[in-house]
1. Just for the stretch A:244-260: of the residues that are assigned to a loop (DSSP other than H, G, I, E, B) and farther than 24 Å from B:THR83 by Cα, which one is nearest to the other protein chains (Cβ to nearest Cβ)?
2. What helices (runs of 4 or more DSSP H) completely inside the stretch B:69-179 contain at least 1 residues that are in contact with a Ser or Thr (Cβ under 8 Å, 6 or more places away or on another chain)?
3. Kindly provide the set of residues from the stretch A:240-259 that are over 29 Å from B:GLU219 (Cα atoms) and surrounded by 21 or more Cβ atoms within 10 Å (Cβ to Cβ), ordered by number.
4. Can you report the number of residues in the stretch B:228-258 which are away from chain A (no Cβ under 12 Å), assigned to a helix (DSSP H, G or I) and under 21 Å from B:LEU206 (Cβ atoms)?
5. When both residues are 6+ apart or on different chains and their Cβ atoms are under 9 Å apart, which pairs have a first residue that lies in the stretch B:170-188 and is closer than 17 Å to B:MET81 by Cβ and charged (D, E, K, R), and a second that is surrounded by 13 or more Cβ atoms within 10 Å (Cβ to Cβ) and modelled with pLDDT of 85 or more?
6. Is it true that some residue in the stretch A:265-287 is touching a Gly at 6+ places or on another chain (Cβ under 6 Å) and on the phi > 0 side of the Ramachandran plot?
7. Check B:ARG279, B:ARG261 and return the single one that is outside any helix (DSSP H, G or I) and not small (Gly, Ala, Ser).
8. Starting from the stretch B:270-289, take each residue that is closer than 16 Å to B:PHE225 by Cα and more than 9 Å from every other protein chain (Cβ to nearest Cβ) and list its partners that are assigned to a loop (DSSP other than H, G, I, E, B) and at pLDDT below 70, counting only C-beta distances under 6 angstrom and pairs at least six apart or across chains.
Amino acid sequence: MSSLLPWKGWVVFAALAALPLTPWMTKYHMLLAFDALLFGAVAMSLDLLMGYAGLVSFGHAAFFGLGAYSTAVLLERGILSLWLCLGLAVVIVGAYAFVVGYFATARRGIYFALLTLIFAEVVYTVFRYTQAFGGSDGIQGLPSPVILPGVALDTPIRIYYAVVLYLLLAYLACRVLVRSHFGQVLVAIRENEDRARFLGYDVQRYKMGVCLISAVLTGLAGALYAGRAAYATPDLMHWSISGEFIIMVMIGGLGTLVGPIIGGAFFILLQEKVSSYVQWYSIVIGVVLVLIVLFAPHGLLGFRRGLRARPRREAAG
Amino acid sequence: MAAVLLPQLLHGVVFGAGLGLLALGLTVIFGLLGVMNFAHGELFMFGAYAGIAVISVTHSFWVALIAAPLIVAAIGAVTEMATLRPLYRREPLYGLIMTFGLALAFREGARQLFGGDMRRILPPIEGSIPLLGMTYPKYRLFLLAISSLLLLAIWLFFTRTRAGIVVRAAVQDAEMLDGLGVNVPRVFTLTFAGSAALAAVAGLLLAPVFTVYPTMGVEVILLAFIVVILGGMGSLGGSVVAAFVIGITQSLLTLWMNPQRVAIAIFGIMIVVLIVRPRGFFGREGVLE
């Protein structure tokens, strides 16, 4: 285990686990920390796709939203087991991601981005207008999910520990993945897809695989989110949310896993703090993004490298 | 049947013409910079709000129709110089992410300046005239006429003027053009300003038909993307044809389906096109594939 997570990582997780013991963690701060870590995990899942396979998905909000709705539909019907909620999210998001991945991975670059975007818009539109899912209001006022018989995920502390555990497991899974042969092939595809193909790798299968894993991890996060927020709305699936996920990855730095976690947490905290002072926080977020692209394209933390730099004309054919 | 079909068909043509103006700017910028401009919908929205501002001062739609595009063109030029120019030699995806940030800031800026509620611009030409056995609003016919004229003017600009040919040359091979002594960054900035002006014209012209609100650009930008892809990225004629196809298809489908089914049907068409023929109707093979 120590090779997967160096001692610094264990220290960080130990600190996160000890955080609720500190006196200044109120209920509000606990839930804010939940959101920060959860969206950090989502950004990390997206980084698997963007940073390692070089595929920019503009449709990750659909995976997140479908996960959230999986939980919401079960909780609404009185099926309270968190494990069933997570299981359903894996099945639903996995099935949807399989279809999207099958078609989208046949294309590269901007076409991949647009295909994921349009598929996600279809999902958004369906949920926005289907009365069985509550239409534009979504499904609200959900009961808390149950981990074990009699133990509900109903206090901020339990909810917080659930996300810390999820983040740890998801991080280890991603780390194993990028260290594996599979992860190395993904990087090879990112660097030169044709060469990877000539070497005999079934490029599309690798791309579909990473799409599926990234989507399912995002969907699980969505399922947890609905358990904490007690609602699932179509707004969670809007393409501007997908854009925010990309922003989180960019803030943290592509292809680093750790960077996007920090990027996601930073984004949530920035949004929360700025929006409590001014109403026009979107301007601040937008300007921060512009400044990052201009002056820190490798992420705020200056991790390694960004997207492959290549001459513009070559890209435009 | 014809009594229902004909006005709906004409609605589609009118909407298609407006959409064409919007998509044309998008496709030129895509051809030049390799960037799908996410902020294009916000420039469209700025056009409508700039129109409202000018009308409130001058009480004239016609003055606004000249002034609003100029204002938005200036905003576009400044934006291009400040944010996109440093990205010329970088991966196009950075441009995508950059314009997403710009769109976010622009949208919120408009909400702060003009408020979040829906506004209306009254049509400058009122009343209807009998046409082909039905009565049709005069303003929509005017909208169709002026959009067609503008599209024709743009076509003449690109085929008959030196400036237009320089822009097309920049789309083809900016480096070569640079080698021939043309100030390419200036061409990019002016083209971006022009594309912003076109978006603004579309926004202002369509405003009396629809309503004006800060997120109106978000609603229309996906449709404009679809038009650009369908026509073939970077293909000017393709975008115009695709705009009419989408406008008419959407308009006719509403006869049989509710709006959300229409939206899904349009997305469905788009997905099929991207899978089967990603270069669209008239795109060059292999562009960014």
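The values are calculated or read from the model by the stated rules, or taken from the named source; none is laboratory data. Note that the structure is predicted; figures quoted are calculated from it, not measured. Every residue, glycine as well, gets a Cβ built from its backbone with ideal geometry; the counts of neighbours run over all protein chains shown.
1. Keep residues of the stretch A:244-260 that are assigned to a loop (DSSP other than H, G, I, E, B), which gives A:253-257.
Next, from what is left, pick out any that are farther than 24 Å from B:THR83 by Cα: A:255-257.
On the way: A:GLY255: 13, A:THR256: 17, A:LEU257: 19 Å.
Among those that are assigned to a loop (DSSP other than H, G, I, E, B) and farther than 24 Å from B:THR83 by Cα, it is A:GLY255.
2. Working: elements: B:92-114, B:138-160, B:162-172, B:174-179.
Filter on the stretch B:69-179 gives B:92-114, B:138-160, B:162-172.
3. Within the stretch A:240-259, the first condition is being over 29 Å from B:GLU219 (Cα atoms), and the residues that meet it are A:252-259.
Scanning the stretch A:240-259 gives A:GLY252, A:GLY253, A:LEU254, A:GLY255, A:THR256, A:LEU257, A:GLY259.
4. 17
5. none
6. Within the stretch A:265-287, none of the residues are touching a Gly at 6+ places or on another chain (Cβ under 6 Å) and on the phi > 0 side of the Ramachandran plot.
7. Matching residue, one of B:ARG279, B:ARG261: B:ARG279.
8. B:ARG279/B:GLU285
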